[in-house]
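A.B. asks: What follows is a single structure, and I will ask about it in a moment.
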Amino acid sequence: MALRTSEMHLSRRDESDQPDWISYFTPAYLADEVAHCMFDLGAHDTAQREIRQAVDGVGNGRVRRLAIDTALLASSLAASGDVEEACARGRDAVDLAAGITSARAVQRVAQLRVDVIPYEDSRSVIELVDYIRVTLPLAL
């Protein structure tokens, strides 16, 4: 209920009448927050939808957020059993994280590595872990 109320108020805001300190709070930012909550609650269909909305709305200049959200998407996909897509998105997250200096992005990729352990015999996961080892070794 509170999330829907937040979405409603955010959609009705007047950007010309908002203080600078809240200007970062966009629909993409709210979708990011919702996605993390839904992931933690195990609501992976909703988490994936919200993550995709967050990624679509954040813009290419926010590489740290893109790296974290893309890794979260990969973890959510793995949790819901879509290992192939999880590994594909995982590679995207590794590429994004490798291009920046962010301990949080590295940490999220490291968590993805843990999240794919149930599928560690899968060729896709083996290749993803090898890719992480070569491209972002701090995440191992």
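A.B. asks: Only one of these is farther than 20 Å from D69 by Cα and either without any contact (Cβ under 8 Å) to a residue 60 or more places away in the chain or of a type in the set (G, A, S) (or both): Y119, Y131. Name it.
C.D. replies: After applying the criteria, what remains is Y119.
A.B. asks: Can you tell me which residue is farthest from G99 (Cα to Cα) among those in region 113-136 that are out of contact with any Ser or Thr (no Cβ under 9 Å at 6 or more places or on another chain) and exposed (fewer than 12 other Cβ atoms within 10 Å of the Cβ)?
C.D. replies: The extreme case among them is D121.
A.B. asks: Could we say that T26 is at pLDDT 90 or above, hydroxyl-bearing (S, T, Y) and surrounded by 14 or more Cβ atoms within 10 Å (Cβ to Cβ) here? First the steps, then the outcome.
C.D. replies: Values: at pLDDT 90 or above: no; hydroxyl-bearing (S, T, Y): yes; surrounded by 14 or more Cβ atoms within 10 Å (Cβ to Cβ): yes.
No, not satisfied.
A.B. asks: What is the one condition in (1) buried (at least 22 other Cβ atoms within 10 Å of the Cβ); (2) touching an Asp or Glu at 6+ places or on another chain (Cβ under 9 Å) that A139 does not satisfy?
C.D. replies: (2)
A.B. asks: Let me ask another. State all residues of region 110-140 that are under 19 Å from the mean Cα position of the chain (by Cα), under 21 Å from G42 (Cβ atoms) and assigned to a helix (DSSP H, G or I); if no residue qualifies, say none.
C.D. replies: So in region 110-140, the residues under 19 Å from the mean Cα position of the chain (by Cα) come out as 110-117, 125, 128-129, 131-132, 135-136, 138-140.
Among the residues that remain, those that are also under 21 Å from G42 (Cβ atoms) are: 110-117, 125.
Passing the criteria: A110, Q111, L112, R113, V114, D115, I117, V125.
A.B. asks: Still on this model: Somewhere in region 93-107, is a residue in contact with a Phe, Trp or Tyr (Cβ under 8 Å, 6 or more places away or on another chain), more than 20 Å from P137 (Cα to Cα) and either surrounded by 18 or more Cβ atoms within 10 Å (Cβ to Cβ) or modelled with pLDDT of 95 or more (or both)?
C.D. replies: Looking through region 93-107, none of the residues is in contact with a Phe, Trp or Tyr (Cβ under 8 Å, 6 or more places away or on another chain), more than 20 Å from P137 (Cα to Cα) and either surrounded by 18 or more Cβ atoms within 10 Å (Cβ to Cβ) or modelled with pLDDT of 95 or more (or both).
The values are calculated or read from the model by the stated rules, or taken from the named source; none is laboratory data. All values reported here derive from a predicted model rather than from experimental measurement. So basically every Cβ, Gly included, is an ideal-geometry build from the backbone, and we count neighbours across all protein chains shown.
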